Amino acid sequence: MTAGGALISVVGARPNFMKIAPICAAWSAAQTDRAHLLVHTGQHYDASMKVQFFEQLGIPEPDIDLGVGSGTHAMQTSAIMQRFEPVLDQHRPAAVLVVGDVNSTIACALTAVKKDIPVIHVEAGLRSGDRSMPEEINRVLTDQVSSRLYTTERAALDNLTREGIRPDAVCFVGNVMIDTLLTHSKQAPGIEALTLGTGVRADSSNGYGLVTLHRPANVDDPQVLRRLIDALCKVAQRLPLLFPVHPRTEARLRAQGLWDQAQAHLELLPPLGYLQMVGAMRDARLVLTDSGGIQEETTALGVPCLTLRDNTERPITVDQGTNTLVGRDPERILEAVAQALAGAGKAGRIPELWDGRAAQRILDDLLPWLEVHGA
Ligand code: UD1
């Protein structure tokens with residue numbers, strides 16, 4: 001089969017991998033002669049940030065790896081664009097599908113639309129309203145250049161129509177990341193498999209909390225980072241805290257001389273593979289995080305989540321799920337932890353269409369759409 005008329009899907013960073021996995025699986029099972037090519041930009045490249053995810057989620061090896069690596073926003077975004085353009089020239093795809101809100105998402109969307117190739121955006125319409133977040137810029141711009149927009153929650157349509165996007169370009173399908181969670185959560189190992197023999201003081205019978213932290217707004221400002229680490233160390237006096245450390249965060253903790261303090265009070269681990277992370281979330285008494293995806297995954301798992309941010313682009317996790325926005329104020333964090341430990345954490349319910357069938361809904365809509373609108 002030639003690649004002419006193929007769909008090219010793009011991944012780049014860790015949170016993209018769990019979103020693309022069910023789309024790749026649904027495409028392989030679909031009745032279509034159209035080829036599907038997977039491009040990895042190389043934004044995330046370490047084994048802990050990439051390989052484990054491809055293996056555990058059964059994502060096929062990328063057909064093309066752009067190998068861009070890390071850099072400033074301008075360097076990274078422009079390097080992806082320069083390397084993606086010849087791929088489009090060579091393959092002349094029917095459309096380019098991008099997921100989420102990372103630099104790879106906007107870089108490939110912008111490259112494609114400028115070549116008159118339609119862009120499909122999965123996880124469209126989420127808005128935090130905070131334009132100091134690099135992801136918010138990526139979301140707004142990607143949606144503006146997309147021809148077909150798949151949403152995870154109904155509020156996304158209001159955000160998109162407010163920005164002038166035609167409602168008939170938008171399709172509410174549910175959450176592909178939750179497809180992946182539901183497929184794999186039974187295989188996720190218990191926390192003891194992760195901590196046995198490591199000296200880490202966290203087990204499911206006595207309970208533990210799980211921490212993730214990597215947003216520039218939380219880790220790049222030394223004062224904010226110090227206050228957050230101080231607050232987490234106080235929480236750890238009540239509940240052991242397991243903390244898989246993102247490479248950006250490790251670099252900042254070391255640069256600010258906070259690594260030793262963190263290591264003395266918190267159970268630090270390297271970044272976890274997907275299944276280990278799901279097991280760690282599932283068995284935790286509560287999760288403290290600044291991640292977007294984890295706000296959704298904890299809602300699906302029914303685990304209380306305290307989000308260390310002032311806003312969220314995923315309001316359904318607060319309105320219906322287990323998420324509470326606690327911000328960065330140490331007092332507020334400690335108070336929210338105390339409430340959750342007293343059993344007053346949110347129980348929540350599963351949002352509409354977070355049922356494991358979002359990728360199938362996307363393909364049911366997309367395959368006929370490509371017949372009419374593909375380049
Ligand atoms: C990126 C996304 C963010 C997402 C996060 C998940 C953007 C703007 N940000 O942030 O939305 O939540 O991924 O992880 O796209 N590094 C490594 N190994 C790697 C990758 C990165 O060591 O495999 C280090 C490098 O020092 C790099 C830093 O982490 O400079 C940051 O990586 P980058 O991809 O720029 O941003 P993230 O903070 O990971």
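Quick rundown of the values:
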quantity	calculated
Residue satisfying all of: in the range 291-322; within 16 Å of the ligand (Cβ to nearest atom) and part of a strand (DSSP E or B); surrounded by the fewest Cβ atoms within 10 Å (Cβ to Cβ) among these	Thr307
Breaking point among (1) under 19 Å from the mean Cα position of the chain (by Cα); (2) buried (at least 23 other Cβ atoms within 10 Å of the Cβ), for Gly58	(2)
Selected residue (criterion: modelled with the lowest pLDDT) from residues of the range 253-272 that are crowded, with 21+ Cβ neighbours inside 10 Å and within 16 Å of the ligand (Cβ to nearest atom)	Pro271
Among (1) at pLDDT 95 or above; (2) touching a strand residue (DSSP E or B) at 6+ places or on another chain (Cβ under 8 Å); (3) over 16 Å from Leu126 (Cβ atoms) - the single one Leu353 does not satisfy	(3)
Matching residues, the range 105-135, being more than 17 Å from Gln76 (Cβ to Cβ) and within 16 Å of the ligand (Cβ to nearest atom)	His121, Val122, Glu123, Ala124, Leu126, Arg127, Ser128, Asp130, Arg131, Ser132
Residue among Arg154, Arg215, Arg139, Arg201 that is under 18 Å from Gly292 (Cα atoms), of a type outside the set (Asp, Glu), in contact (Cβ under 8 Å) with a residue 12 or more places away in the chain and surrounded by fewer than 17 Cβ atoms within 10 Å (Cβ to Cβ)	Arg154
Sole residue being at pLDDT below 95 and farther than 21 Å from Gly174 by Cα, chosen from Ala347, Ala375	Ala375
From the options Ala35, Ala13, Ala30, residue that is closer than 21 Å to His121 by Cβ, under 19 Å from the mean Cα position of the chain (by Cα) and either more than 12 Å from the ligand (Cβ to nearest atom) or touching a residue at least 24 places away in the same chain (Cβ under 8 Å) (or both)	Ala13
Wholly enclosed helices (runs of 4 or more DSSP H) of the range 157-250 bearing at least 2 residues within 18 Å of Leu269 (Cα to Cα)	191-195, 222-236
Some residue of the range 69-77 being free of Cβ contacts under 8 Å to residues at least 40 places away in the same chain, touching a Phe, Trp or Tyr at 6+ places or on another chain (Cβ under 9 Å) and within 11 Å of the ligand (Cβ to nearest atom)	yes
Total residues in the range 151-199, condition closer than 20 Å to Val98 by Cβ, of a type outside the set (Gly, Ala, Ser) and under 22 Å from the mean Cα position of the chain (by Cα)	16
Failed criterion for Gly356 (all others in (1) in a loop (DSSP other than H, G, I, E, B); (2) within 18 Å of the chain's Cα centre (by Cα); (3) crowded, with 21+ Cβ neighbours inside 10 Å hold)	(3)
The one condition in (1) of a type in the set (Gly, Ala, Ser); (2) at pLDDT below 95; (3) more than 26 Å from Arg201 (Cα to Cα) that Gly321 fails to fulfil	(2)
So Ile117, is it modelled with pLDDT of 95 or more and within 27 Å of Asp33 (Cα to Cα)	yes
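The values are calculated or read from the model by the stated rules, or taken from the named source; none is laboratory data. Being a predicted model, the structure only gives us computed values, none of them experimental. We place every Cβ from the backbone using ideal geometry, glycine too, and count neighbours over all the protein chains shown.
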